Structures are given as structure tokens and as C-alpha cells.
Amino acid sequence: MSPVTNPGPAVETGVVDEVDRLLEDAAPPPPEYQLRVSSDKVRVVLDCPDPLADLTGNVNRIMADFGRLEIPVHPDPEQMAEILQKISTPGQHLVEKTIMMGQKSVPSQDGRLDWSRDFFTTGWAMDEATGAVDFWDKLEDLSVHEDELLVTLLHPVHGESGLNVFGIEIPVTKPAKVKLRCGKGVRSEETADGVAYFSNVDGRVRYTDGTVAVDDLFTVKGNVNLETGNIRHAGAVLIQGDVEAGATIEAEGDIIIKGMVDPCTIVCGGSLSVAGGLLGDGQSRITVEGDFNARYVNEAHVLVGGNVTVTNEISHSVIKARGLVSVPKGRVAGGLVQGFQGVRVAQAGASGTSDTKLVAGVDFQVQAQIDELDGKIKQLEQAQEKIAKAINDMKRSQDLDNPSV
């Protein structure tokens, strides 16, 4: 009777051998031995197949390479053996393993302004469904209260030099300072790492030319007319009604007008926002240092230091801005619209209107200076001609008094 053999173990052995073979094929090959210095020269890095398999040989090889790399100070053989034993696991390879390190430098920190919140976000809220701009809902939030922290000036912090593995110092740059002046309506207090600036009044924060100030708001609860007289204010102005024809408004801060503006003179040191329309008469002038926005502009002359945003239409007007002029949903019909940083309109020109001129890339302030200098040059040339004529007349007079013999 033939013995019955059990094929199970033979099959299992074959499966195990196949799995081992697949694992060997999938395992990454051992790295080539290499001792090198990192690009920043702060570390000595080692690639080595299982250092513990031949600890003495690997230590000797590493010690020889320290000399080749000209590293003046390094572990001795005994210390190197301890390092390899500590960072290695039997049967495993070392890849980009740090075995020696210098001293990293600590970078310097420049001085900076740490604002308590984002006061100066620009733009206005927009209805995503209709694309309508709500000029009442500005994204910026300049309103502050008395004793509110506005900004902290953080002093620069000097870093610490490092040392690379060659014993050479790693220098650090000198940190830059930042300056901030304390303007109207603001007080400063020293802190552990800088200077804190607080508002002394309720108002609107303003940051210009390295100075932080708070403009106390002047509110006109109705229209600007003969009853109120002209408005002149060092801070910001809020007009809850209209501006009637003939008025003059001068403010160093922002001007917010919730109604309409008839032909008048406005000089605004901040931004000008008109919820209604702006009407001109060809004679009155509007000058704005910051941004300007309105629903429409008609027959007006406006000079703007920042950006211009008009919702509906600019018609028969002269608009010159150092920023971008934007009429995203409306048109420009007649007149001149000039934006140093560009002009964006949905429609330009209309039948039956005068010429419509759109100009980009021209700074009206520089052009005005050029025109002024051209005028002075002409005056000097005229004066030069008068002087030359006077000299010639004098010579002729002398010739008549002293005729030649």
C-alpha cells in the first residue's frame, strides 16, 4: 500500500518563497556610501548601507572622509561609533542622516507695524447675484473709539550669528527699522517690545506718510446750504443730506455724502463717497486726494489722487485720476476720462454726444507740473527777449552819442 503524502507544506513553502522574492524585488536598493556637507554647510550628512554590519570599517571610513572634507573639528572614532549605534537599527540603511551639526544662525527680524485689525481693506460690498455695488457698505472699517489700540510698532530684533561645520561664522543681516509718527487724536505708550498707539477720540483712523491720526467726525444732519454755510474741517465729514449749489466743502479727512451734490467746490484730503449723483456746471472743481465713488457724474470736473468708481454713467465730464477709473456696469458719454492705472468701462460713447476721450497711463499731476514748467520757460524766454532788446537799444544809443571818427 503506497503511503499518502501531504502536498500542503510543499505548496506553502513555495508561496512563502514567492512572497519573499517579491518583497526583495520591491525593497529599495541600499544606498551608496557617501559622506557630504549640506548645502547650507551647517550639517554633515551620511548615506550608508547598514552601518552596524561593519561598524569598525564604517567608522574608519568616516574618519578618513572627515579629513578629505577638511572639517577641522569632528568626533573621534569612539564618539563616531557611539553616534552610529544610536542612530542605526540592525539591518536598516542610513539615508541623509545627520551625524554632525554646526550652529544655525537665528535670522534678524525687521521692525514692523502690527495693526490691531484690518482698517484699510479697500472696495465695497457687492451683491453676487446682481453684481450691484453697495456704496453704503464699504469693506474698510476706519471707525475707532476712544482708547482703542490702533497699531503697535514692533522694534527690530537682532539675530544671532551661526557657525558652520568648517568653523566659519554665519553672519546675519542688520534688521531694518520702521518709523511711525503720532498724529492728531493719537497717543503712544512704550511696551516691552515696541510702541503702542491708541486713539484719543472717537473718529476715523488715517495713515498717511508714516503718520497715524484719528479724525474726529463732523456730521451735518441735513443738507449743506446757506443755513449751514461752507464746511471746513480738519477731520472727516459726514453729510446726511444733499450739497446744494454754490457750497464749498474742505476737509482733511474723508467726506461721505449720503445725498446728491449740485455744482459746488469740494477739496477732500481723504476719500470722497457720494451715494447719489454728482452734478457740475463746468466751472466748479472737485479735488480728491484719495478714492472717489458715486452713482453718476454729469458735467463735472474732478481730479482724483486714487481710484474712481462710478456705478451708472460719466457724461460730459472731465475725470482725471492717478489710479484706475472704473465704470463696470455703465458708460462714459462725452468728455475726457483719464486714469493713470487704466480705464475700465462697460460702454464708451453714445450717438448724438460730443467726442468721448479715454486716456490711460498719463499722470495728470506730472502733466500739470510739465505744463507749469513750460509756462515758466516761456516767461523766461520772454524776459530774455526783453533783456536782449534793452541791451541792443542801449548799444544803439551809445553808438549815436559816440559816433566813430
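The values are calculated or read from the model by the stated rules, or taken from the named source; none is laboratory data. Just so it is clear, the structure is predicted and the values come from calculations on it, not from any experiment. Please note: Cβ atoms are built from the backbone with ideal geometry, for glycine as well, and neighbour counts cover all protein chains shown. Side chains are part of the model used for accessible areas, which takes the heavy atoms of the whole protein and leaves out ligands, DNA and RNA. Shrake-Rupley method; radii C 1.70, N 1.55, O 1.52, S 1.80 Å.
Region 323-356 and region 194-245 have Cα centres spaced 31 Å apart. Among the trypsin sites (Lys or Arg not before Pro) within region 203-283, those in coil by DSSP and having at most 10 neighbouring Cβ atoms inside 10 Å are Lys221. Accessible area of Cys264 (1.4 Å probe, protein heavy atoms only, ligands and nucleic acids ignored): about 10 Å².
Farthest toward the positive end of the dipole of the chain, out of Val45, Ser273, Leu180, is the Cα of Ser273, where the dipole comes from beta carbon charges about the Cα centre.
Think of a 1.4 Å ball rolled over the protein heavy atoms: the chain then has 60 Å² of accessible area per residue. Toward the positive end of the charge dipole of region 59-214, with +1 on the Cβ of Lys and Arg and -1 on the Cβ of Asp and Glu, the farthest Cα among Leu163, Ser88, Leu149 is that of Leu163. Magnitude of the charge dipole for the chain, about its Cα centre and with charges confined to Cβ atoms of Lys, Arg (+1) and Asp, Glu (-1), is about 1520 debye.
Neighbours of Glu250, meaning other residues whose beta-carbon lies under 14 angstrom from its beta-carbon, give a summed charge of -2 when Lys and Arg score +1 and Asp and Glu score -1. Just to be sure I understand, if you calculate percent of Cα pairs over 30 Å apart for this structure, which of (i) 48; (ii) 67; (iii) 43 do you get? Working out percent of Cα pairs over 30 Å apart from the coordinates points to (ii). Beta bridges assigned by DSSP with both partners in the chain are antiparallel in approximately 40 percent of cases.
For region 37-109, the Kirkwood estimate of hydrodynamic radius, built from reciprocal distances between every pair of different alpha carbons, is 13.1 Å. Selection among Gly241, Thr56, Ala196 by position relative to the dipole of the chain gives Gly241 as farthest towards the positive end (Cβ unit charges, Cα centre).
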